[in-house]
Amino acid sequence: MNERPESPAPRGSGQDRRDDLARRLARVRETVAAACAAAGRDVAEVDLLAVTKTVPAADVAILCGLGLRDFGENRAQEAAQKVEEVAGLVPDAAPRWFFVGGLQRNKARVVVPWVTRVESLDSARLADALDAQARRAVDDGLREGPLPVLLQYSVDGDPDRGGVAREGLGALAAHVSGLPGLRLDGLMAVAPLGAEPDEAFADVAAAFSALRDDHPSARVLSAGMSADLEVAIRHGSTCVRVGTALVGERRIASR
Ligand SMILES: *Cc1c(COP(=O)(O)O)cnc(C)c1O
């Protein structure tokens, strides 16, 4: 396992990178605004979550300076380190961190102290682990209230890619609602590779609607990435998770 994010490579001057990120951010905001307009929705209904996995802390600091506040990470250890680095680089920025990747139960304690919301909750066992850590963090004064979570819904039901299949969604939602350390805020989904995004997000919207029938306070639908955010917005997404379009191709190097 020596797949690791490449260390921050020279990318021209800091100013060049800042200009590049500013241009990209403007383009993403335009795309989101156009998709909202096309869907007859208010742009204020759709949050932008910048997915910064494999992206160096220096870039996150630049994005904070450009007015972004919400960042998504998918590896516990990488994220924990980045949270600290960004706090050192831009101490006044107050970024909020979202966890969007597969999470092992024994990593719950790494994530809970700094995470604003876990979007990838897909099993009762992980829920129990997060609940225990969240309650402990409240006792220790590290958190104030229950930890907001989204259930990750698997459109194709393939367990290898994370997420809970449609049949399991109701039971997992009921389980999470019974845990005092967690707060069920909604649903997250990724369109399966090769799937028709329109069909995939129509299915996601139906699953979200069923969830809300039983849990009206679950208002967040986190759906849509760089390649399919317009379709997701058309199907009611309230949070798009954008990586590539914002920061460029991820570069993973072995070392
Ligand atoms: C990487 C990732 C994203 C962002 O994907 P892009 O195609 O780079 O925009 C969104 N959501 C999750 C869960 C991810 O892992």
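The values are calculated or read from the model by the stated rules, or taken from the named source; none is laboratory data. Bear in mind the structure is a predicted one, so any value in this text is a computation, not a measurement. All Cβ positions, glycine included, derive from the backbone under ideal geometry; neighbour counts span all protein chains shown.
A few remarks follow.
- Residues satisfying the stated conditions in segment 57-85, i.e. out of contact with any strand residue (DSSP E or B) (no Cβ under 8 Å at 6 or more places or on another chain) and within 20 Å of Leu25 (Cβ to Cβ): Ala57, Ala58, Asp59, Ala61, Ile62, Cys64, Gly65, Leu66, Gly67
- Segment 172-217, residues that are touching a residue at least 60 places away in the same chain (Cβ under 8 Å) and not in a strand (DSSP E or B): Leu211
- Some residue of segment 198-210 being within 14 Å of the ligand (Cβ to nearest atom) and under 25 Å from Val55 (Cα atoms): no
- Test: residue in segment 194-202 that is surrounded by 19 or more Cβ atoms within 10 Å (Cβ to Cβ) and either within 19 Å of Gly101 (Cβ to Cβ) or under 15 Å from the mean Cα position of the chain (by Cα) (or both): no
- Taken as a whole, segment 144-158 holds at least one residue that is crowded, with 19+ Cβ neighbours inside 10 Å, part of a loop (DSSP other than H, G, I, E, B) and either modelled with pLDDT of 95 or more or of a type outside the set (Phe, Trp, Tyr) (or both).
- Identity of the residue in segment 224-250, within 11 Å of the ligand (Cβ to nearest atom), in contact with a Lys or Arg (Cβ under 8 Å, 6 or more places away or on another chain) and not in a helix (DSSP H, G or I), that ends up farthest from Val176 (Cα to Cα): Gly248
- All positions within segment 105-141 that are away from the ligand (no atom under 16 Å from the Cβ) and assigned to a loop (DSSP other than H, G, I, E, B): Val112, Pro113, Trp114, Ser123, Asp140, Gly141
- Pairing each residue of segment 54-78 that is under 12 Å from Val100 (Cβ atoms) and within 16 Å of the ligand (Cβ to nearest atom) with any residue that is in a strand (DSSP E or B) and acidic (Asp, Glu), provided the two are 6+ apart or on different chains, yields C-beta distances under 7 Å for Asp70/Asp47.
- Residue under evaluation Ala245, criteria (1) closer than 17 Å to Cys36 by Cβ; (2) surrounded by 23 or more Cβ atoms within 10 Å (Cβ to Cβ), criterion not met: (2)
- Scanning segment 81-96 for residues that are surrounded by fewer than 18 Cβ atoms within 10 Å (Cβ to Cβ) and either of a type in the set (Phe, Trp, Tyr) or assigned to a helix (DSSP H, G or I) (or both) turns up Gln81, Glu84, Glu85, Ala87, Gly88, Leu89.
- Test: residue in segment 58-74 that is under 18 Å from the mean Cα position of the chain (by Cα), closer than 30 Å to Ala200 by Cβ, assigned to a helix (DSSP H, G or I) and of a type in the set (Asp, Glu): yes
- Any chance Ala87 is among the small types (Gly, Ala, Ser) and in contact with a Leu (Cβ under 7 Å, 6 or more places away or on another chain): no
- Glu45 being surrounded by fewer than 19 Cβ atoms within 10 Å (Cβ to Cβ), more than 16 Å from Leu89 (Cα to Cα) and among the acidic types (Asp, Glu): yes
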